[in-house]
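The values are calculated or read from the model by the stated rules, or taken from the named source; none is laboratory data. Here the structure is a predicted model, which is why all the values come from computation and not from measurement. Virtual Cβ from ideal backbone geometry, glycine too; neighbours counted across all protein chains shown.
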Amino acid sequence: VARDLSKGFAEFAKEDGNINIIASADGNFGRAESLKAMENIVQSYGGEFNAVFGHVDDAAVAAIQALKAAGMTPGQDPAKGDIVVVSMCGYK
């Protein structure tokens, strides 16, 4: 399922033309591994992106934690410098 989701998102991004995927990392569907993966992305690409797509909510929560720790602003408006974080699952 994860491979299909990733492939589908990549196809959507390509068709849309406004989404450029600059990095991808496997957080193994857990918060701790997703946090480490996002910390690595922030370290490598900080300032070069304005959105994060997480396959599961734990990945999105970890991304928000990593962004905040790096002094970046997760939010809803990239025009204001926010980094939009999107997730798929919707569980608590």
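Report yes if PHE29 is at positive phi and either within 13 Å of the chain's Cα centre (by Cα) or assigned to a helix (DSSP H, G or I) (or both), otherwise no. Break it down stepwise before answering.
Details: at positive phi: yes; either within 13 Å of the chain's Cα centre (by Cα) or assigned to a helix (DSSP H, G or I) (or both): yes.
Judged against the criteria, PHE29 is a match.
Of everything in the range 65-88, what is surrounded by 14 or more Cβ atoms within 10 Å (Cβ to Cβ) and assigned to a helix (DSSP H, G or I)? Give them in sequence order.
GLN65, ALA66, LEU67 - these are the residues of the range 65-88 that are surrounded by 14 or more Cβ atoms within 10 Å (Cβ to Cβ) and assigned to a helix (DSSP H, G or I).
With SER24, SER44 as the choices, which residue is assigned to a loop (DSSP other than H, G, I, E, B) and loosely packed, with under 13 Cβ neighbours inside 10 Å? Even if it seems obvious, please write down each step before you answer.
Details: SER44 fails: assigned to a loop (DSSP other than H, G, I, E, B).
One residue alone meets the criteria, SER24.
What about VAL52, is it in a helix (DSSP H, G or I), surrounded by 12 or more Cβ atoms within 10 Å (Cβ to Cβ), at pLDDT 95 or above and among the β-branched types (Val, Ile, Thr)?
Numbers: in a helix (DSSP H, G or I): no; surrounded by 12 or more Cβ atoms within 10 Å (Cβ to Cβ): yes; at pLDDT 95 or above: yes; among the β-branched types (Val, Ile, Thr): yes.
Spelling it out, it is not the case that VAL52 is in a helix (DSSP H, G or I), surrounded by 12 or more Cβ atoms within 10 Å (Cβ to Cβ), at pLDDT 95 or above and among the β-branched types (Val, Ile, Thr).
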